[in-house]
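S.K.: Shown below is the structure under consideration.
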Number of protein chains: 2
Amino acid sequence: MLPGKIASLMSDTLTTLKSKLADVNALNTAIAIMDWDQQCYMPRGGAEARGAHVGLLGRMAHELMTSDEMGKLLEKAAGEVSHGSDDAAMVRVSKRQYDLSTKIPASLVEEKMRLSSEAHELWVEARAKNDFASFASTLEKMFDIARKEAEYLGYKDHIYDALLDQYEEGATAADAREMFDTLKGPLVDLVKAIKESSNQVDDSKLYGTWDVEKQRQFTEKIVQAVGFSFERGRQDVAPHPFCTNFSIADVRLTTRYKDYIGSAIFGSLHEAGHGLYEQGSPMAWDRTPLAGGVSLGVHESQSRTWENIVGRSKAFWQHFLPDLQKLFPELGSFDLNGWYRAINKVEPSFIRVEADEVTYNLHILVRFELECDLLEGTLSVKDLPEAWNQKYRDYLGITPETDSVGCLQDVHWSGALIGYFPTYSMGNLLSYQIWNCLRKDVGDTDALMAAGDFKPILHWLQQKIYLQGSKYTPRDLVERVTGKPMGAEDYIEGLTAKYREVYGL
Amino acid sequence: MLPGKIASLMSDTLTTLKSKLADVNALNTAIAIMDWDQQCYMPRGGAEARGAHVGLLGRMAHELMTSDEMGKLLEKAAGEVSHGSDDAAMVRVSKRQYDLSTKIPASLVEEKMRLSSEAHELWVEARAKNDFASFASTLEKMFDIARKEAEYLGYKDHIYDALLDQYEEGATAADAREMFDTLKGPLVDLVKAIKESSNQVDDSKLYGTWDVEKQRQFTEKIVQAVGFSFERGRQDVAPHPFCTNFSIADVRLTTRYKDYIGSAIFGSLHEAGHGLYEQGSPMAWDRTPLAGGVSLGVHESQSRTWENIVGRSKAFWQHFLPDLQKLFPELGSFDLNGWYRAINKVEPSFIRVEADEVTYNLHILVRFELECDLLEGTLSVKDLPEAWNQKYRDYLGITPETDSVGCLQDVHWSGALIGYFPTYSMGNLLSYQIWNCLRKDVGDTDALMAAGDFKPILHWLQQKIYLQGSKYTPRDLVERVTGKPMGAEDYIEGLTAKYREVYGL
């Protein structure tokens, strides 16, 4: 066979593979648009058909992804790509997706989908009625399925590893445990010190009735200022904020307007962080498996960077507080320091999504420990409420008054997302770890932010992270960017320093 | 073989067929949502990926629809369904779709899609620059493709028949010609009489700057009042209004707000007419080929009914003018009759989409005759502008000053929609023909509308038309509803009576 012939055969495999993957991407994008529409615009009547359509498209995508042809193409392509190339990464990422999709039998996938769909409604009702008992047997089934799934996926040390790996490639329960072990002491101490501080923060002026149009104006302004492109994205309203994308050049943020003015501001910056990551992928990778963020943890590191490290900094508000006060004169009495303290108030509370930066990881810790116990069988579902409340007492010093604001608060478990929570804390850790490296290269980030110049910060993140898309594993990426594996030191140090200042400790 | 076995085999064929058709429906719905989003919300950056995604999903839908399996299932099912049943109709409608899709070779479909995509941009530019020459060769290719397509589809009498049938099953060029022959004389005479009337209409007060939020409020109010459900649909803004749907219970209208206040009002009612038809299908047919309007002509009859016969009636405004004047005090000087005359002003103009009810069909006639000449080859594309202008002189008594407001004004030809225009006029004819039957059954429609009670009108249309979905052919449906084939008499009579009154002729 002539060399030319070999080259052409090789490229045939890759071409066919890429075209099959593009089909999968088209189907998954259709599902993403349907989901976005459902959360932002769909009238109530559309729900039934929407569910059916998403189910059918999901089945088609799954069939394509797990087809024998896909398996053979991936195997053949793996032997043809050159080490370290983009194509090699594309094949690796797709093979992982293929493995994750094929290891679990279709019947279990179907059972899980059916149960999630039922469970969601049951959970909504149980939470509304504060009736854990009505949800318990469903939750039990959900953990049964997770256990089976983990067995099919396989793991080396702990059953949790298989589940966590789906969301954060290569991460294990041991990693998570080590992370929390390092975090627990310092965080609990910090919360305690803050609680005992004589210099408490009053943020009551941040609650009120805020003109929606003005909030929209302001959030779009800051989101655009940090670099989110409205030529290549937009922001809509949804009851539960999220970020999705239909292309690298079409990224959709959502936000919500509540009585706490920080909801829209920090929610928008959080989603914009996800959005900047997505918009930052190389356009050449659009509609391929290499486009977009590499894992939930790394993704969360970016949303938390823009929400907390940038958006809750004094320098950021040195630039933006006057604009905000012009729109909302009722906030005019805040000086910069007062505002900075108000938006950084720390207070143990029941609801994770409303938690401040310091207590947030304690909420995650509770969930991680309970998931492990439930999976191992050392805790039974019926005892979950009491175990949950005990951990809130231990770590946060408060006892949830109801299960609705206790173990029924999160959507995840009803959606079969078990093993997902630790990625939130990983994101928090990584945000500080990455930021410390950024500061070394970029210089005086406070001066930049105070001048409203976010370009050097964004540029660094783009070069180091966003432009890498999903080419490297999350572990490799973290090491490449920060020169070390993920750790808790930068985070604990950064958080402690910040909140010692806020609370004058 | 046991009878039970046969029954089960029969039902297997239908079950499989329905499931394949549901897959096609899911893909087409995904395309519809992508299209809706593109016209209403998509940021500019999303265009490239959107085009690719729609192309891939369209190819998948086409592959499924034209697969050998689909062909065999349809053939087998046709022998199993009982005459007159819904299943028989479903098989008939799907078989027609299968035939239309399979008769044209994939290569021609691809050529047409590629050319349309190029042609759209070229047309936009040519129209903007008033440069017909730059678009001429593309238009020539488009008509070449249409000619080839017609030959593949087949026809009995005239090449035009094959093209028109795609949009209006069973309709022929001879039907269209007969329709226009009957219309031409009376319409040209009516326009002339109006032009010479001493009792001219001044609608200048309808032009101005109108608060968008108030327009939204008012159009939503009237659209809801006539029966469009916002639980099962919504209204958004788009540069070119349209109606689409993702389910019988999820129908999307669009409108636009312009300096002519009638744009939003009558545009909304027009799209709501399409929407009421879609919302009115039996829910049991949701996501099947029997759901939704049966043809473009019948669909247009409903949009024109709600826009013109209802929305431009004096009775309608007896009810709604006070509401409108409350929102827009600058319209306060209108009495009912003055307003009624203003919104029914007749004046030959260049642009079809802005034409009044009387001159509208003359615009269509021009296009139909030119399409026939171009397809037959008696007119060459390079001579189109002059032929166009001559017909405007002959039928409307005006000469377009530029090709931009002449033969370059419509999007259709650049989109490969050739043979489509006559369905607009068919819709106009049918709207009056159907309305006359409705009045016989429902009684004093003017009294109902003046009281804001549209339920009996909607109910009649639902029973007679909307609940029939696509079960009957358009011809059968028209005969079933009106007791006769489509004709021009009711239309000419109704229009003449109305405008003789408006202009005091």
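S.K.: Arrange the residues A:Asp441, A:Asp37, A:Asp144, B:Asp165 by how much accessible surface each exposes, largest first, with a 1.4 angstrom probe.
M.R.: A:Asp441, A:Asp144, B:Asp165, A:Asp37
S.K.: Still on this structure: Taking a point 7 Å out from Cα toward Cβ as the label site, list the nm distances between B:Gln200 and the same residue in every other copy, smallest first.
M.R.: Its label point is 7.8 nm from the equivalent points in the other copies.
S.K.: Which value, in nm² and rounded to one decimal, describes the direction-averaged projected area of the C-alpha convex hull of the stretch A:47-121?
M.R.: So the Cα hull casts an average projection of 6.1 nm².
S.K.: Next question, about the same structure. Between copies, how far does the label point of B:Ala88 sit from its twins, in nm, shortest first, when each point is 7 Å from Cα along Cα→Cβ?
M.R.: 6.6
S.K.: Separate question: Does the stretch B:169-243 classify as rounded, prolate or oblate by the C-alpha gyration tensor (a ≥ b ≥ c root eigenvalues; a/c under 1.5 gives rounded; else a/b over b/c gives prolate, otherwise oblate)?
M.R.: Taking the square roots of the gyration eigenvalues as a ≥ b ≥ c, the stretch B:169-243 is oblate.
S.K.: Another question, then. So in the protein assembly as shown, what percent of DSSP beta bridges are antiparallel if you round to the nearest 5?
M.R.: Taking every DSSP beta bridge within the protein assembly as shown, about 50 percent pair in antiparallel fashion.
S.K.: While we're on this one: Top to bottom by accessible area (1.4 Å), largest first, where do B:Glu354, B:Glu213, B:Glu300 land?
M.R.: Ranked from most to least accessible, the order is B:Glu354, B:Glu213, B:Glu300.
S.K.: Shifting gears a bit: May I ask you to rank B:Arg480, A:Arg439 by accessible area, largest first, using a 1.4 Å probe over the protein chains only?
M.R.: In descending accessible area the options line up as B:Arg480, A:Arg439.
S.K.: In percent, what relative contact order does the stretch A:194-275 have, based on Cα pairs under 8 Å that are 6 or more apart in sequence?
M.R.: That works out to 31 percent.
S.K.: Take the cross-link list A:Lys195/A:Lys314; A:Lys20/B:Lys20; A:Lys326/B:Lys214; A:Lys345/A:Lys455; B:Lys205/B:Lys464; A:Lys141/A:Lys195 and give me the ones stretching past 31 Å between alpha-carbons.
M.R.: B:Lys205/B:Lys464; A:Lys141/A:Lys195
S.K.: Shifting gears a bit: Report the residue of chain A with the smallest Cβ-to-axis distance, using the rotation axis that brings A onto B, in whole Å.
M.R.: Result for the axis mapping A onto B: A:Ala30, 2.
S.K.: What does the copy distance list look like for A:Asp373, label position 7 Å along Cα→Cβ, in nm and ordered from shortest?
M.R.: Those label-point separations list as 8.6 nm.
S.K.: I've got another one for you. Using the Karplus curve 6.51 cos²θ - 1.76 cosθ + 1.60 with θ = phi - 60°, work out ³J(HN,Hα) for each residue of the stretch A:362-373 in order, rounded to whole Hz, and write x for Gly and Pro.
M.R.: Whole-Hz 3J(HN,Hα) from phi for the stretch A:362-373: 5, 4, 5, 3, 3, 5, 4, 4, 5, 4, 4, 4.
S.K.: What residues have an amide H closer than 5 Å to that of A:Asp236, excluding those fewer than 5 places away on the same chain, when H is modeled at 1.01 Å from N in the peptide plane?
M.R.: Those lying under 5 Å, H to H, from A:Asp236 are A:Leu253, A:Thr254, A:Thr255.
S.K.: Moving on to the next point. B:Thr255 accessible area, nearest 10 Å², 1.4 Å probe?
M.R.: 0 Å²
S.K.: Normalised by the number of residues in the stretch B:247-312, what is the relative contact order in percent for Cα pairs under 8 Å and 6+ residues apart?
M.R.: 38 percent
S.K.: Which of rounded, prolate or oblate describes the stretch B:285-406 when judged by the alpha-carbon gyration tensor and an a/c cut-off of 1.5?
M.R.: Because a/c hits 1.5 or more and a/b fails to exceed b/c, the stretch B:285-406 counts as oblate.
S.K.: A follow-up question, please. Tell me, what ³J(HN,Hα) does each residue in the stretch B:430-445 have, in order and in whole Hz, if you take phi through Karplus 6.51 cos²θ - 1.76 cosθ + 1.60 with θ = phi - 60° and put x for Gly and Pro?
M.R.: Using θ = phi - 60°, the values come out as 5, 4, 6, 4, 6, 4, 4, 5, 4, 4, 4, 7, 8, x, 6, 5 Hz.
S.K.: Can you check how the C-alpha radius of gyration of chain A compares to 2.2 N^0.38 Å, as a plain ratio?
M.R.: 0.99
S.K.: Structure shown: which of B:Lys95/B:Lys156; A:Lys129/A:Lys498; A:Lys156/A:Lys382; A:Lys72/A:Lys156 lie over 31 Å apart, alpha-carbon to alpha-carbon?
M.R.: A:Lys129/A:Lys498, as the Cα separations exceed 31 Å there.
S.K.: Then there is this: What is the stretch B:1-141 by shape, rounded, prolate or oblate, if you read a ≥ b ≥ c off the alpha carbon gyration tensor as root eigenvalues and call it rounded for a/c under 1.5, prolate for a/b larger than b/c, and oblate otherwise?
M.R.: Prolate, since a/c reaches 1.5 and a/b exceeds b/c.
S.K.: Let me know the mean shielding of A:229-242 by other chains, meaning the per-residue number of their Cβ atoms within 10 Å of its Cβ.
M.R.: Averaged over the peptide's residues, the number is 2.
S.K.: Do the sum for chain A: with -39,500 (n - 2.57) for every DSSP H run of n ≥ 4, divided by all residues, what is the mean residue ellipticity at 222 nm, to the nearest 500 deg cm²/dmol?
M.R.: Theoretical 222 nm ellipticity from helices: -21000 deg cm²/dmol.
S.K.: Sticking with this structure for a sec: Tell me, what HN-Hα J-couplings in whole Hz come from the Karplus equation 6.51 cos²θ - 1.76 cosθ + 1.60 at θ = phi - 60° for each residue of the stretch B:220-234, using x for Gly and Pro?
M.R.: 5, 5, 6, 5, 5, 4, 6, x, 6, 8, 7, 7, 10, x, 7
S.K.: Here's something else I'd like to know. For A:Lys112, go through the aspartates and glutamates and keep the ones whose alpha-carbon is under 12 Å away, minus same-chain ones fewer than eight residues off.
M.R.: Partners found: A:Asp144, A:Glu149.
S.K.: Now for a different question. With 29 Å as the limit, write out which pairs from A:Lys76/A:Lys484; B:Lys192/B:Lys440; A:Lys103/A:Lys484; A:Lys148/A:Lys391 have Cα-Cα distances beyond it, or answer none.
M.R.: Exceeds cut-off: A:Lys76/A:Lys484; B:Lys192/B:Lys440; A:Lys103/A:Lys484.
S.K.: Moving on to the next point. When only C-alpha pairs under 8 Å and at least 6 residues apart count, what is the relative contact order of chain B, in percent?
M.R.: 19 percent
S.K.: Need one value for B:29-42: mean number of C-beta atoms belonging to other chains within 10 Å of its residues' C-beta atoms.
M.R.: Across the residues of B:29-42, the mean count of other-chain Cβ atoms within 10 Å is 4.
S.K.: OK, next. Which trypsin sites (Lys or Arg not before Pro) in the stretch B:298-407 sit in a loop by DSSP (not H, G, I, E or B) and have at most 15 other Cβ atoms within 10 Å of their own Cβ?
M.R.: Of the trypsin sites (Lys or Arg not before Pro), not one in the loops of the stretch B:298-407 has a Cβ with at most 15 other Cβ atoms within 10 Å.
The values are calculated or read from the model by the stated rules, or taken from the named source; none is laboratory data. All figures in this text were calculated on a predicted structure; none of them were measured in a lab. When we count neighbours, we look across all protein chains shown, and the Cβ atoms used for this are built from the backbone with ideal geometry, even at glycine. For the accessible areas, the whole protein counts, side chains as well, though only heavy atoms, and no ligand, DNA or RNA atoms are used. Shrake-Rupley method; radii C 1.70, N 1.55, O 1.52, S 1.80 Å.
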